[in-house]
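Data first, discussion second: the structure below is written as structure tokens.
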Amino acid sequence: MMRERTIYKTTKGFTTIELMIAATLGLLLLGGVLQLFIGSNRNYSMQEQLSTIQENGRFAMMFLEEEIQKAGWSENYTDSPKSLDLAMSSDGINGSSDSIAISYKGVAGGVIDNRDCNGAEVASGIIINRYYVDATTNQLMCQGNGGFAAQPYLSNVERFEVLYGVDTDKTCPDGVVNSYMSLNNVVGQGYAGLVYSVRFAVLLKGDKSILDITQKSNGYQVLDQLYIPQEDHMARRLFQQTVFMPNAVFASAASPEAIIDCMSSNI
């Protein structure tokens, strides 16, 4: 009889060292993938924040430009109100932002109606909209003279500064801006009726910490004020614009002939 011979194959497994090496390589690969994901997510957040800041900045520039250009408007040019209510405007005190009060005459049912920025109807028709920054919420607010509560127009506003373009030729005003001054200088030097343009600046920041390192800045020159923000991981951007007020010039500047006569008589 033939004997059956059973043949066993020897199976060799992984050693502990090999398992440890494989686990280490797996962890390294997983760490690389995780780092790539975190980096991509951070880049996306940064682009989203910068895009939001840019969009808000463009809105602020366009909106305030349109409001300032309406200053002094009236359907009847012989009955034009003053362009700016300097008594309701203010220079920043103790590091706070400025405010500006814009005035014009509305027309019920017209292109420019008689409702203020809060939607309240103003019976006199003379609209006064005051723009300022709420120090608690960092929102650009508008307070109209119609009696309704102030409403926010823009968030994450860190600074809002205003300078006034003045025709310094008091003897013979020609409607040409010669200098930009703060509100206190305009009033103190007697140029309240000779303001023909406004230069404003808005410093916006993001609402999330997106920068890899703490932002250390020498500060932002926001018009005539140096503003140094706190060190954080926030992105910021400064927007600035100069807006001419044609209605103010039309209402107060003399005719070319009168200007020439005035200058001739004062030579």
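Order 219-231, 63-75 from most to least packed using the mean count of other Cβ atoms within 10 Å.
Taking the mean over residues of other Cβ atoms within 10 Å, the ranking is 63-75, 219-231.
Could you list Phe250, Phe200 so that the one with the fewest beta carbons within 10 Å of its beta carbon is first and the one with the most is last?
Taking fewest neighbouring Cβ atoms as first place, the list is Phe250, Phe200.
Can you count the Lys pairs in the range 43-265 with C-alpha separation below 24 Å, eight or more apart or on different chains?
Close lysine pairs under the 24 Å cut-off: 6.
Taken together, the values in this text are just the output of simple stated rules run on the coordinates, not laboratory data. Predicted model only: the values in this text are computed from it and were never measured. Cβ coordinates were reconstructed from backbone atoms using ideal geometry, including for glycine residues, and neighbour counts include every protein chain displayed.
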